[in-house]
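Since the structure comes first, as structure tokens, the remarks are kept for the end.
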Amino acid sequence: MKISRISVYQRALPLEHPYWLSGGRLKFEVLDATFVKIETDAGITGWGEGTPWGHTYVPAHGPGIRAGLETMAPFVLGLDPRRLLAVERAMDMALPGHLYAKSPIDMACWDIAGQAAGLPIADLMGGGSRTPRPIASSVGAKTIEDTRAAIDRYRQRGYIAHSVKIGGNVARDIARIRDVENIRREGEIVLYDVNRGWTRAQALQVMSATEDLNVMFEQPCETLDDIAALSGKHAAPVSVDEALVTLQDATRIARDGIAEIFGIKLNRVGGLTKAARMRDVALAHGIDMFVMATGGSVLADTEALHLAATIPDENCHAIWACQDMITAEIAGGRGPRNINGHLHLPETPGLGVHPDEDMLGDPVAVYT
Ligand code: MG
């Protein structure tokens with residue numbers, strides 16, 4: 001089987017509400033999504049998606065994905081999409097780095113490999129837990145009252161996992177954490193996501209002042225060096241997501257004891273093939289995981305769900321999915337959707353959901 005054609009689509013995915021990253025630093029209202037259709041000489045077609053969470057969040061942006069695809073396409077055409085490692089090597093040779101541009105091709109090839117094998121991707125990867133995965137909400141509020149209201153709105157949709165965005169004001173952060181812990185229900189999973197918003201001193205202030213609560217923090221400071229400098233000075237479990245980019249990051253975090261949790265963002269790390277290695281590093285070192293779609297449509301959510309289904313249930317806290325935050329519908333309601341705050345693994349071979357092509361417009365590029 002050979003890759004015979006790669007078609008690239010661009011689609012704006014508007015957010016239901018404008019989104020402010022922790023501390024109100026960064027605002028955006030629409031996601032720039034890139035969809036990739038890979039066709040083969042065997043008649044099997046696979047789909048991938050790359051949707052950065054705005055272009056101000058981490059070094060990734062929609063036009064960069066499309067430029068990267070233009071550079072990599074000639075090296076990927078003609079390869080067997082089921083040989084994921086050969087496709088990965090071809091991309092890494094053609095364009096070192098730029099992991100976020102590679103994930104849509106990796107995803108489409110896994111989709112094809114799954115269809116060819118007659119298995120959902122998670123099963124083909126050797127996992128395939130059918131335990132529904134809780135979806136983590138995104139609570140971007142600033143005041144105590146707004147935070148309560150946002151959590152309530154998600155609870156009404158069945159959510160039991162919440163990513164509460166903090167950072168920017170130490171006193172307010174401490175007050176909001178204490179209030180959320182007061183109203184937290186039995187069985188609810190709450191992650192306090194700082195999105196790199198604290199200095200080292202601010203991180204230690206908040207983490208010390210909330211030590212009695214034993215809460216989880218995500219990405220408290222900008223870099224792994226910063227987060228490493230905090231360890232041993234507080235008792236809180238820490239998740240790293242934005243600074244977990246390469247396999248070398250993962251091994252360093254594990255070896256140096258920088259974090260207790262990986263937040264694996266599939267688009268950020270370059271797709272399922274690379275993410276699976278991080279998963280194995282995590283499992284080998286007693287590190288639990290959140291899996292995150294980074295952003296995007298139901299396709300990106302489904303990719304995250306497949307990886308999550310390859311993680312033992314007890315080591316996978318939740319998945320972060322974007323589907324309840326965007327107003328565009330590109331798959332006619334198909335694919336895994338929020339059912340009482342959870343996503344259920346599709347039984348369809350491959351990814352398990354494809355977009356409606358007429359919702360994507362004409363391709364912006366076709367490579368043959
Ligand atoms: Mg995060």
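The values are calculated or read from the model by the stated rules, or taken from the named source; none is laboratory data. Just so you know, these numbers come straight off a predicted model, no measurement behind them. Cβ coordinates were reconstructed from backbone atoms using ideal geometry, including for glycine residues, and neighbour counts include every protein chain displayed.
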Residue 127 vs (1) at pLDDT 95 or above; (2) over 13 Å from residue 350 (Cβ atoms); (3) buried (at least 19 other Cβ atoms within 10 Å of the Cβ): all pass except (1)
Within segment 292-310, the residues that are touching a helix residue (DSSP H, G or I) at 6+ places or on another chain (Cβ under 6 Å) and β-branched (Val, Ile, Thr) are 294, 310
Query raised in the report: Mind checking whether some residue in segment 308-323 is more than 16 Å from the ligand (Cβ to nearest atom) and at pLDDT below 95?
Result: yes
Scanning segment 95-113 residue by residue, those in a helix (DSSP H, G or I) and more than 15 Å from residue 50 (Cβ to Cβ) turn out to be 112, 113
